[in-house]
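> Dropping a structure here in structure tokens format, bear with me for questions.
Any read-out appearing in this document is the output of simple, stated calculations on the displayed coordinates, not a laboratory observation. Worth saying up front: this structure is predicted, and the values here are computed from it rather than measured. Positions of Cβ are backbone-derived with ideal geometry, glycine not excepted, and every protein chain shown enters the neighbour counts.
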Amino acid sequence: MSTEHDHIQANKGRIAGLSIAGSMLLWIAMQWAAKDFGFPTRLMLLLDLAVMAVMFWSLIVTFQIWRSRRDANKG
């Protein structure tokens with residue numbers, strides 16, 4: 001059972017890491033594209049809010065992983 005729990009936690013960590021990296025790469029690319037193509041400010045604000053939401057979600061998932069591992073080590 002412990003290995004199944006570890007596998008689930010590893011998958012959660014992988015998803016959180018990939019979402020952080022992917023959202024930051026998208027954000028950097030859109031910042032570059034906005035400068036060159038003149039995207040409207042509203043679109044860029046929407047992108048900033050979406051990236052912040054992904055970062056917040058990743059923070060919550062990472063905290064859940066940390067708590068789960070801490071609780072597993074106690075018992």
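> Can you find a residue that is surrounded by 10 or more Cβ atoms within 10 Å (Cβ to Cβ), outside any loop (DSSP other than H, G, I, E, B), touching a residue at least 40 places away in the same chain (Cβ under 8 Å) and over 21 Å from the mean Cα position of the chain (by Cα) anywhere in segment 32-42?
Looking through segment 32-42, none of the residues is surrounded by 10 or more Cβ atoms within 10 Å (Cβ to Cβ), outside any loop (DSSP other than H, G, I, E, B), touching a residue at least 40 places away in the same chain (Cβ under 8 Å) and over 21 Å from the mean Cα position of the chain (by Cα).
> Taking segment 45-65 as the region of interest, how many residues are surrounded by 12 or more Cβ atoms within 10 Å (Cβ to Cβ), of a type in the set (A, V, I, L, M) and out of contact with any helix residue (DSSP H, G or I) (no Cβ under 6 Å at 6 or more places or on another chain)? Spell out the reasoning first.
Narrowing segment 45-65 to residues surrounded by 12 or more Cβ atoms within 10 Å (Cβ to Cβ): 47-48, 50-52, 54-55, 57-59, 61-62, 64-65.
Imposing the further condition that a residue be of a type in the set (A, V, I, L, M) reduces the set to 47, 50-52, 54-55, 59, 61, 65.
Subsequent filtering for residues that are out of contact with any helix residue (DSSP H, G or I) (no Cβ under 6 Å at 6 or more places or on another chain) retains 50, 52, 55, 59.
So the answer is 4.
> Looking at L25, L18, which is the one that is out of contact with any Ser or Thr (no Cβ under 6 Å at 6 or more places or on another chain) and under 30 Å from R70 (Cβ atoms)? Talk me through it step by step, then tell me what you get.
Working: L25 fails: under 30 Å from R70 (Cβ atoms).
Within the list L25, L18, the selection yields L18.
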